[in-house]
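Colleague: Sharing a structure here in structure tokens format.
The values are calculated or read from the model by the stated rules, or taken from the named source; none is laboratory data. Since we're looking at a predicted model, the values are computed, not measured. For neighbour counting, all protein chains shown are included, and Cβ atoms are generated from backbone atoms with ideal geometry for every residue, glycine included.
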Amino acid sequence: MDKEAIEVLARRSGLARALAEFPEDVIAAAKQAADVAQKIKRPTDPVAEPWPPMKAGTTL
Amino acid sequence: MSELHWMTVEAAARAIAAKELSPVDLTKALLDRIERLDPRLNAFIRIDGDAAMAAALAAETEAQSGRLRGPLHGVPVGIKDIINVAGLPTTCHSKVLQDNMATADAVCVERLRGAGAIVLGKLSTHEFAIGGPSFDLPWPPARNPWNTDHHPGGSSSGSGSGVAAGLFPMALGTDTGGSVRNPASCCGIVGLKPTYGLVSRRGVFPLSFTLDHVGPMTRTVADNALMLQAIAGHDPRDPGSAAAAQGHYGAALDRGIRGLRVGFVHHFHEIDTPANPEVTAALEHVARSLQVEGAEVRTITLPSLGEFGAVNRVILQSEAWSIHGPWLSERPGDYGKLGRQRLMAGAFMSAGDYMLASRRRLQMIAEVEAAFREVDVLLCASSMDPACRIEDTAEVERTYPRQARTPFNVTGHPALAMMAGLSVGGLPVSVQFVGRYFDEATVFQAARAWERVAGTDKKHPPIV
């Protein structure tokens, strides 16, 4: 993710102030997030469900 | 009677019930020790000495007239400062919530008090239970009693440090990516992350809704079972609370492990994240010892630590962002640098990332469940290294992620970390036992077998 993309995403997420006051922390946060999902195997089954599942009537 | 500060929960409760020990004397002895040692350990954010002494006096009066509130009657406890204690602020070790007064006890605290425990005060954590030891927060980070130049692990840092140092015999911690088990590993005590949903999270400041667990931290396995017994149970007002019936967690403690099938997850510490040789040697020693005790040890393969870690991070940081986004937007300067960086990461994760992690999570659960059709309990690494020096930021950053705890936050299985031995540098190294859902009793059974062989419950840090 380049600097420009990071700035656009940060502003969209409400981090304009953080970007102005702590730009290096915003960049560090973006870098942490950048490639982490690529380490996860994509389910080959297109209907694979997530966890936790939706369960009506079991809580509250 | 042994020194009061090394008394187990079990022994103290038994002595109080038999009118051989005064809760006032016990509480006073611990408060004196806290006054003497805590300036070096920083386990506490707030010591609530007057309230503790008042509670101890009430407990003594009750005990003298034969009225015991429960199995923890008169025994002091420390509470991680992301957990509400009525009348005290829940700061989460952060400037952001410095004045966040709690008006009611968290359910886990309410249950501890119901069992007779005496709250000593609020304990240090990493800011909002994420990150690592930080020096730019309103309170200093806790230190390791085995060597105060070293970190005690986290995020339940004060809980681990204080239990190990004999400031209190039990503490509450929370665990989202290993935060009960990391300080248990670094400080050489017993820390359990129970099955997801077994202990209510109501009144605990959340980090990640689907990964957060509250867990007991003690110096012995039996004490851990006793503490879990007090705090476990369904809470209809916690949406994640399990409806499963409460077990008898200490039921198998002294059964031995003859015939127990133990699955040793070698690849975690041999291939995925190669461990420090002292840790590897200690794990092999634990496995051999359990075999000698009659367990059947076989190798088990699970998904890689790297993938478990990625799933944990995506879910944790996405869910944490949903909580912290508004504060990070308005007052980013009120966070410490480490917390700010970690908590802002969720802003850069997509809905697609979160769903990918959540879908893979279900498959990982199935893979661990498949392992439990072959074995009764898993044995694996917890930390890959002994605790490093607290001020060596680069080494803290390198070693903190070198662990095998996140898999069981992802899957929700019960997991216990405890001492496996001491390094040549005199710091604890650790082992982890993992069980089937709601089968904490078997986890305790295996852990107790190792404790009995190794005498880990008798090993205390040399701090005086």
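Colleague: Before we move on, is B:L137 among the hydrophobic types (A, V, I, L, M, F, W, C) and within 30 Å of B:A11 (Cβ to Cβ)? Quick ask: steps written out before the conclusion?
Modeller: Details: among the hydrophobic types (A, V, I, L, M, F, W, C): yes; within 30 Å of B:A11 (Cβ to Cβ): no.
No; evaluated as a whole, the condition is false for this residue.
Colleague: Out of (1) without any contact (Cβ under 8 Å) to a residue 12 or more places away in the chain; (2) within 8 Å of another protein chain (Cβ to nearest Cβ), what's the single condition that is false for B:G309?
Modeller: Here B:G309 meets the rest and fails (1).
Colleague: If you go through the range B:130-137 one residue at a time, do you hit one that is at negative phi, modelled with pLDDT of 95 or more and not in a loop (DSSP other than H, G, I, E, B)? Lay out the reasoning, then the answer.
Modeller: Initially, the range B:130-137 is screened for residues at negative phi, giving B:130, B:132-137.
Then keep just the ones that are modelled with pLDDT of 95 or more; that gives B:130, B:132-137.
Subsequent filtering for residues that are not in a loop (DSSP other than H, G, I, E, B) retains none.
There is no residue in the range B:130-137 that is at negative phi, modelled with pLDDT of 95 or more and not in a loop (DSSP other than H, G, I, E, B).
Colleague: In this structure, is A:P23 over 19 Å from B:S318 (Cα atoms) and modelled with pLDDT under 95?
Modeller: Values: over 19 Å from B:S318 (Cα atoms): yes; modelled with pLDDT under 95: no.
It is false that A:P23 is over 19 Å from B:S318 (Cα atoms) and modelled with pLDDT under 95.
Colleague: Here is a list: B:V292, B:V314. Which entry is farther than 26 Å from B:W139 by Cα and away from chain A (no Cβ under 11 Å)? It would help to see each step written out before you state the result.
Modeller: Numbers: B:V314 fails: away from chain A (no Cβ under 11 Å).
On inspection, the qualifying residue turns out to be B:V292.
Residue by residue, here is whether (1) farther than 25 Å from B:L97 by Cβ; (2) touching a strand residue (DSSP E or B) at 6+ places or on another chain (Cβ under 9 Å); (3) surrounded by fewer than 18 Cβ atoms within 10 Å (Cβ to Cβ); (4) of a type in the set (K, R) holds:
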| site | (1), (2), (3), (4) |
| --- | --- |
| B:G188 | yes, yes, no, no |
| B:P216 | no, yes, no, no |
| B:Q229 | yes, no, no, no |
| B:R258 | yes, no, yes, yes |
| B:G263 | yes, yes, no, no |
| B:A275 | yes, yes, no, no |
| B:A281 | yes, yes, yes, no |
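Colleague: With the requirement that a residue be surrounded by fewer than 21 Cβ atoms within 10 Å (Cβ to Cβ) and either touching a helix residue (DSSP H, G or I) at 6+ places or on another chain (Cβ under 7 Å) or small (G, A, S) (or both), what does the range B:97-114 give you?
Modeller: Here is the first cut: in the range B:97-114, the residues surrounded by fewer than 21 Cβ atoms within 10 Å (Cβ to Cβ) are B:97-104, B:110, B:113-114.
Scanning the range B:97-114 gives B:A102, B:A104, B:G114.
Colleague: Same structure, new question: Mind checking whether some residue in the range B:188-211 is small (G, A, S) and farther than 21 Å from B:Y437 by Cα? Walk me through it before giving the result.
Modeller: Step one: list which residues in the range B:188-211 are small (G, A, S), which gives B:188, B:191, B:197, B:200, B:203, B:208.
From the residues that got through so far, the ones that are farther than 21 Å from B:Y437 by Cα too are B:188, B:203.
Yes: the range B:188-211 contains one or more residues that are small (G, A, S) and farther than 21 Å from B:Y437 by Cα.
Colleague: Looking at the range A:23-39, can you tell me whether even one residue there is under 20 Å from the mean Cα position of the chain (by Cα), of a type outside the set (F, W, Y) and farther than 22 Å from B:A345 by Cα? Working first, answer last.
Modeller: At the first step, the residues of the range A:23-39 found to be under 20 Å from the mean Cα position of the chain (by Cα) are A:23-39.
Pick out the ones that are also of a type outside the set (F, W, Y) and you get A:23-39.
Narrowing further to those that are farther than 22 Å from B:A345 by Cα: none.
Scanning the range A:23-39, I find no residue that is under 20 Å from the mean Cα position of the chain (by Cα), of a type outside the set (F, W, Y) and farther than 22 Å from B:A345 by Cα, so the answer is no.
Colleague: Now for a different question. Out of (1) of a type in the set (V, I, T); (2) assigned to a helix (DSSP H, G or I); (3) more than 24 Å from B:G256 (Cα to Cα), the odd one out for B:T301 is which?
Modeller: (2)
Colleague: Of all the residues that make up the range B:317-353, how many are more than 9 Å from chain A (Cβ to nearest Cβ), out of contact with any Gly (no Cβ under 6 Å at 6 or more places or on another chain) and under 19 Å from B:V410 (Cα atoms)?
Modeller: 3
Colleague: State whether one or more residues within the range B:367-383 are small (G, A, S) and either in contact with an Asp or Glu (Cβ under 8 Å, 6 or more places away or on another chain) or within 14 Å of another protein chain (Cβ to nearest Cβ) (or both). Steps first, please.
Modeller: Just the residues of the range B:367-383 that are small (G, A, S), to begin with: B:370-371, B:381-383.
The next check asks that each one be either in contact with an Asp or Glu (Cβ under 8 Å, 6 or more places away or on another chain) or within 14 Å of another protein chain (Cβ to nearest Cβ) (or both); those that pass are none.
Among the residues of the range B:367-383, not one is small (G, A, S) and either in contact with an Asp or Glu (Cβ under 8 Å, 6 or more places away or on another chain) or within 14 Å of another protein chain (Cβ to nearest Cβ) (or both), which makes the answer no.
Colleague: While we're on this one: Given (1) part of a helix (DSSP H, G or I); (2) under 14 Å from the mean Cα position of the chain (by Cα), identify the lone condition not met by B:R113.
Modeller: Unmet for B:R113, out of (1) part of a helix (DSSP H, G or I); (2) under 14 Å from the mean Cα position of the chain (by Cα): (2).
Colleague: Which residues, counting only those in the range B:32-63, are under 21 Å from B:N84 (Cα atoms) and either assigned to a helix (DSSP H, G or I) or free of Cβ contacts under 8 Å to residues at least 60 places away in the same chain (or both)? Can you show your working first?
Modeller: Step one: list which residues in the range B:32-63 are under 21 Å from B:N84 (Cα atoms), which gives B:42-56.
Result: B:G49, B:D50, B:A51, B:A52, B:M53, B:A54, B:A55, B:A56.
Colleague: Could you say whether any residue in the range B:159-170 is assigned to a loop (DSSP other than H, G, I, E, B), in contact (Cβ under 8 Å) with a residue 24 or more places away in the chain, more than 14 Å from chain A (Cβ to nearest Cβ) and more than 19 Å from B:S124 (Cα to Cα)? Please lay out each step first, then the result.
Modeller: As a first pass, look at the range B:159-170 and keep what is assigned to a loop (DSSP other than H, G, I, E, B): B:165-169.
Checking the rest, the ones that are also in contact (Cβ under 8 Å) with a residue 24 or more places away in the chain come to B:165-169.
Adding the requirement that they be more than 14 Å from chain A (Cβ to nearest Cβ) leaves B:165-169.
Subsequent filtering for residues that are more than 19 Å from B:S124 (Cα to Cα) retains none.
Among the residues of the range B:159-170, not one is assigned to a loop (DSSP other than H, G, I, E, B), in contact (Cβ under 8 Å) with a residue 24 or more places away in the chain, more than 14 Å from chain A (Cβ to nearest Cβ) and more than 19 Å from B:S124 (Cα to Cα), which makes the answer no.
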